[in-house]
1. Would you order Glu322, Glu41, Glu363 from fewest to most other beta-carbon atoms within 10 Å of each residue's own beta-carbon?
2. Classify region 1-118 from the C-alpha gyration tensor, please: rounded if a/c falls under 1.5, else prolate or oblate depending on whether a/b exceeds b/c.
3. Can you tell me the relative contact order of region 100-218? Whole percent, Cα pairs under 8 Å, sequence separation 6 or more.
4. Near Lys460, within a Cβ-to-Cβ distance under 9 Å, what is the net charge of the other residues, with Lys and Arg +1 and Asp and Glu -1?
5. Sorting Ile117, Ile362 on the 10 Å Cβ count, fewest up front, what's the list?
6. Which ordering of Lys445, Lys188 is given by a fewest-first count of other beta-carbon atoms within 10 Å?
7. Less than 19 Å apart at the alpha-carbon level, and either on another chain or at least 8 residues along: which lysines does that give for Lys159?
8. What spacing in nm lies between the two simple spin-label points modelled at Arg67 and Glu14, each 7 Å away from Cα in the Cβ direction?
Amino acid sequence: MDVLDWLSSALGEEALADGVLTTDPALLDAARTDRSGWAAEGSPRAIVTARSVEHVQATLRAASEFRVPVVPRGAGTGLAGGANGTDGSIVLDVSSMNRILEISAEDQLAVVEPGVINGDLNTALAPYGLFFAPDPASKAISTVGGNIATNAGGLLCAKYGVTREAVLALTVVLADGRIVRTGHRTVKGVTGYDLTALFVGSEGTLGVIVEATVRVQPIPPGEPVTLGALFADVRAAAEASARITAAQLRPAVMELLDAPSLERISAYLGRDRIEEAFGASAGAAYLLVQFDGPTAGADAGAAGRLLGETGGSVRVAADSEEGERLLALRRAFHPALASGGEVLIEDVAVPRSRMPEMFAAIERISERYGIPIPTVAHAGDGNLHPNFVYTGDTVPDAVWDAANDLFRAAIQLGGTLTGEHGVGVLKRRWLADELGPDSYELQVKLKSVFDPLGILNPGKVFGGR
């Protein structure tokens, strides 16, 4: 009996008839890649589309019995190769576990399965006057489980934090099929080690999340106020964003687009639309800032003065609808790049005060390699996304060399390799450089405690140096 025979028996005839287990070559091929454009070599041996906790347990018990790798996967919107089905693995797809199990307005929490789409959760929360704060650009298609696995961020992180701050408790299936429950429904809880925080951002290397209790927040009262400013160069825009932070203003959104980014968006959407939205043609750096809550108007006024003093040409959106149109232009950045070829979307973060230096480093690296590097940033938290557009099936060596210089520059500025996308496969070669040898060794040993057979997402995160 091989692993698929064993697994078929464990899943049962009803699950098999429902298509829970498949070896369809087309589906196997699709599971080899994600939104990063990187595809794993070889082919997975099967996909389990789990619809229950029991399906997850059966898959992991079979994998443990036969020492077969398991790759947990959600919507496949990752950007670091972390959920790509590797050769000979079983891809454990939990995107069909998509029920919202509970919404408690009294306790301001929701209990969800991992396949719930971010946008769907917020739609369900809206009648309660609540929202789920993690706001990745892919929120219309990404899952809460995937957000938790990568500790995803997004546009609202500057004020509301990343996914880790929104997770209260988890139910996780371990590598051998056992179930553990971590965390609390209470706001406070310090019993034992914080295993909940440990699982957040673990990228499927420690266990498979099958349920999450997440913190939700009241929708801020009133209309948000959005303003933007054009600058002569990106370093002036980055300096302006740092001044807003230093002034202890807390924008919900603060996004910075450099000149190459604006040029790509302009080519994609049309120059007329850019000029209408920004009040000027593309070509300068642009800082987009939005405030919410009862002090939004006063905060926006104070920010506008700072932007003007730093050399920005400031424009305030007339109403919330115009503000949303500006945010939609920011969200058009990635489709604009994708229209020109394959895209490697990078992700580094530096202290907010050092963003001007990081943008200067990106410009130098772009000139050194003769490669355009359109960059957008979540300026409120220092998270930058340098992007590379290329043609062909593989990332050119020159792009990897430039990316290597980007990572080293971020670390030298006191930053990190990844602010929200995770390590996956694409950044594992630089992980030890940031962590240092002792911390790296401790983390490898920690994984072995949860996954002694090494079957959970092998080759990801700690798969190479």
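1. Ascending number of Cβ neighbours within 10 Å: Glu41, Glu322, Glu363.
2. Taking the square roots of the gyration eigenvalues as a ≥ b ≥ c, region 1-118 is oblate.
3. 32 percent
4. 0
5. Fewest to most other Cβ atoms nearby, the residues stand as Ile117, Ile362.
6. Lys188, Lys445
7. Lys139
8. Calculated label separation equals 3.5 nm.
We did not get these values from a lab; they are worked out from the coordinates using the rules stated. Because the structure is a prediction, the values reported are computed rather than measured. As a convention, Cβ positions derive from the backbone with ideal geometry for all residues, glycine included, and neighbour counts pool all protein chains shown.
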